[in-house]
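Each value in this text was obtained by applying a stated rule to the coordinates, not by laboratory testing. These numbers were taken from a predicted model, which means no experiment stands behind them. Positions of Cβ are backbone-derived with ideal geometry, glycine not excepted, and every protein chain shown enters the neighbour counts.
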Amino acid sequence: MKTQFDYPTTRTIQPKILYFGTPVVLITSLNEDGSSNLAPLSSAWALGWRIVIGLGTDGKTFENLVRCGECVLNFPSDNLWTAVEKLASLTGKFPVPLDKQAQFRYEKDKFTAAGLSPAPSELVAVPRVAECPLQMEGRVRNIQPIGEADDGIAAVEVEILKVHAHADILQGSDHIAPQMWRPLIYNFRHYFGLGQELGKTFRAEM
């Protein structure tokens with residue numbers, strides 16, 4: 001029987017963020033003028049055909065989702081990490097919110113900035129990201145503030161309406177082949193595939 005001395009030593013810590021290893025999502029949403037906004041996010045979980053995403057309420061993506069209620073959740077593979085990082089310091093909000101001005105800059109055309117290509121969706125007005133192996137058209141069904149009133153974050157429940165997948169990650173007609181699908185993982189602000197580290201975001205502290 002193990003005793004307490006057989007286990008690794010632990011310490012109580014207080015990290016600044018809790019991104020313990022989640023898939024990166026590139027979310028596209030619709031601006032007021034009909035153009036599209038493209039932004040990376042790293043807080044998402046799925047249950048059935050609903051995906052809950054976490055967003056800051058002062059960003060352009062949140063503003064767009066409240067207004068038009070449509071989006072596409074695009075899941076990049078690990079070889080797209082540099083394109084994702086090109087988006088990391090950009091915002092579609094103008095003027096740039098005060099709390100972001102030190103690290104972020106406004107960019108209207110994020111597809112071009114990241115070197116990515118828009119592709120038309122079938123059920124929503126928002127474009128997909130053609131390079132992402134998985135693309136999920138969705139409609140917002142619920143928005144719930146999280147934490148205290150001044151925390152500025154919310155959980156957004158998205159109903160998935162249609163899923164698109166690159167043919168080379170499919171096994172049969174409706175199954176993703178795990179051995180072929182290599183999602184990009186955000187692990188404490190560092191980028192990983194399913195193996196070695198690929199790089200880190202500009203906000204990484206180590």
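Any of LYS108/LYS162; LYS60/LYS86; LYS16/LYS108 with alpha carbons more than 24 Å apart? Name them for me. As for pairs spanning more than 24 Å Cα to Cα, those are LYS108/LYS162; LYS16/LYS108. Since only VAL52, ASN142, PRO183 are under comparison, the one whose Cα sits farthest along the positive direction of the charge dipole of the chain, derived from C-beta charges on Lys, Arg, Asp and Glu, is PRO183.
Using a Gaussian network model of the chain in which every pair of alpha carbons under 10 angstrom is joined by a spring, one finds that among LYS93, LYS16, LYS108 the greatest mean-square fluctuation is at LYS16.
Shown is the FRET efficiency for ARG67 and ILE17, computed with R0 = 30 Å from the Cβ-Cβ distance and rounded to the nearest 0.05: 0.60. Based on alpha carbons, the Rg and Dmax found for the chain are 18.0, 66 Å.
About its Cα centre, the dipole of the chain is roughly 320 debye, where the only charges are +1 on Lys and Arg Cβ and -1 on Asp and Glu Cβ. Taking amide hydrogens as placed 1.01 Å from N in the peptide plane, the amide H of ALA130 sits under 5 Å from those of SER117, ALA119, each at least 5 positions away in sequence or on another chain. Region 24-98 and region 130-168 have Cα centres lying 8 Å from one another.
Only DSSP H runs of four or more residues enter the estimate; each adds -39500 (n - 2.57), and after division by the residues of the chain the mean residue ellipticity at 222 nm equals -2500 deg cm²/dmol.
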